[in-house]
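What follows is a short report on a single structure.
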Amino acid sequence: MTSVRNRLLPLSGNRWLIGLFTVLVIGACSPKTRWVSHPVNKPAESPAPPPAPKPVTPPVPKTSIISLILPFNLDHIGPGQSYTPVTLKEARIAADYYRGFKLALDSLTFYGYNYKLQLFDSRDNGSQVHSLAYNPKIRASDLIVGPIFPEDIKVFTSVLTSARKAIVSPLSPESPFTFKNQNLVTVNPPLDYHAWTTARYINDHIKPQKVFILASGFSDDNKYIIPFKKALDSLSSNHIKIITITVVRGKLNALLPQLVKDKQNVFVVPSTNQAFLTITLHSLDTLNAHYPVTLFGHPNWEHFAFLKAKQLQHLRTHITSADNVDYRSAETINFIRSYRNTWHTEPSVYALKGFDEGLYFGRLLAENNLKSMADFNGLHNSFHFQKIAGMGWVNTHVKLLMYSNFELRKVE
């Protein structure tokens, strides 16, 4: 539990002023006296003491109850048990997120807010999550944060369909259409909004006649291709032609008759497959020598170490991102210092996410503003929530980045 009592201002600091005012009033209302030749010295009468102020009962500070449901996987530390690489990674994510979230709540207590933080282990297990959905402590909390994996969120929200509790999906970018729960708050923008941001930039700033989508043939590509096509058709009123081809072994010769040499040829590559990207980007780089290329990629490319920054820069590569930490900002430096001093370890990106979300939802909860969902700029995330009927709140804030000087820089 994180709590700090409100310090009330002293109530007795004005007593001297009340006493002085009383003396002046009595003096002004008393009868005038005459001077005589032989005045009689009498002791001055003391004015009546002012009435003691009535004791004020300080208001009882509100305590907001928050339940965190994270995959600590504590069942793996019992006798004869051990963590697997997967469960250990999940536990580290849970621990880092909790530390950042807790640090945010501790910061908020400076303003007089009080919190009771309850931790529950989801174990990344559907049966455990289903059981937690019926836990009376979780149901009685003011805010539920977690679970973090799509399968667990689906199980959990399928039980809590009628409860009017905000359920925060803190890390998963899964579309809220998967869960269809009006109380869900999706913090990480789903892929649809990344595709929409790319389509809007192409339509507003490049205005090409054609856009080429290079598909790998894997069905996962459609998660990006379908919303991108829908967005570009809508934004351009179908004036931009979309040409989708499945690329085999990097062969792009069939496209040559449709390319131009005096304008940018816009390519969208929605794949995250390493083998496909390696050969396809090499072919685009070769093509770029004669036909100017502007490339738009999947947001996950930001985390792929196998991609070459020089090649991406040469192809004028753009990617979208919901996360972009400025490690040189004073706020980030202060957070890292506080995190080190408190937890004696280095913060991961999940700690930064936990801090941003703890700060945002903790304040909204304490001020009874959970229904407003105002905009917020954090260290790691920025939030611009939209309410979707029957689907809850969705963060739609996505940034467009471009490779320049061997690093990603914000375009819009």
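The rows are residues; the columns are (1) free of Cβ contacts under 8 Å to residues at least 60 places away in the same chain; (2) buried (at least 18 other Cβ atoms within 10 Å of the Cβ).
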residue: Thr342; (1), (2): no, no
residue: Ser348; (1), (2): no, no
residue: Asn368; (1), (2): yes, no
residue: Phe383; (1), (2): no, yes
residue: Lys387; (1), (2): yes, no
Which one of these is assigned to a helix (DSSP H, G or I), open to solvent by less than 50 Å² (accessible area, probe 1.4 Å) and either at pLDDT 95 or above or touching a helix residue (DSSP H, G or I) at 6+ places or on another chain (Cβ under 7 Å) (or both): Leu103, Leu117, Leu68? Leu103
Given the structure, is Leu295 open to solvent by less than 30 Å² (accessible area, probe 1.4 Å) and part of a strand (DSSP E or B)? yes
Would you kindly identify the strands (runs of 3 or more DSSP E) lying entirely within the stretch 328-412 that contain at least 1 residues that are basic (Lys, Arg) and at negative phi? 385-388, 399-404, 407-410
So which residues in the stretch 71-100 are open to solvent by 60 Å² or more (accessible area, probe 1.4 Å), modelled with pLDDT of 95 or more and among the hydroxyl-bearing types (Ser, Thr, Tyr)? none
In the stretch 261-279, what residues are farther than 16 Å from Met402 by Cβ, out of contact with any Lys or Arg (no Cβ under 9 Å at 6 or more places or on another chain) and modelled with pLDDT of 95 or more? Ser271, Thr272, Asn273, Gln274, Ala275, Phe276, Leu277, Thr278
Can you find a residue in the stretch 318-329 that is surrounded by fewer than 21 Cβ atoms within 10 Å (Cβ to Cβ), at pLDDT 95 or above, in contact with a helix residue (DSSP H, G or I) (Cβ under 8 Å, 6 or more places away or on another chain) and over 21 Å from Ile148 (Cβ atoms)? no
Selected residue (criterion: nearest to Val168 (Cα to Cα)) from residues of the stretch 206-225 that are in a helix (DSSP H, G or I), in contact (Cβ under 8 Å) with a residue 24 or more places away in the chain and open to solvent by 70 Å² or more (accessible area, probe 1.4 Å): Lys223
Is there a residue being farther than 30 Å from Phe383 by Cβ and among the hydroxyl-bearing types (Ser, Thr, Tyr) anywhere in the stretch 260-275? no
Pair list, Cβ under 8 Å, 6 or more apart: the stretch 266-278 residue over 17 Å from Leu191 (Cα atoms) and open to solvent by less than 50 Å² (accessible area, probe 1.4 Å), other residue β-branched (Val, Ile, Thr) and not in a helix (DSSP H, G or I): Val266/Val211; Val266/Thr294; Phe267/Val211; Phe267/Ile213; Phe267/Val293; Phe267/Thr294; Phe276/Val247; Leu277/Val269
Just checking, how many residues over the stretch 240-255 are exposed (fewer than 13 other Cβ atoms within 10 Å of the Cβ) and either modelled with pLDDT of 95 or more or under 17 Å from Gly217 (Cβ atoms) (or both)? 6
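The values are calculated or read from the model by the stated rules, or taken from the named source; none is laboratory data. On a predicted model such as this, the values are computed, not experimentally measured, just so you know. In this analysis, Cβ positions are derived from the backbone assuming ideal geometry, glycine residues included, and neighbour counts consider all displayed protein chains. Ligands, DNA and RNA are excluded from the accessible area calculation, which covers all protein heavy atoms including side chains. Shrake-Rupley method; radii C 1.70, N 1.55, O 1.52, S 1.80 Å.
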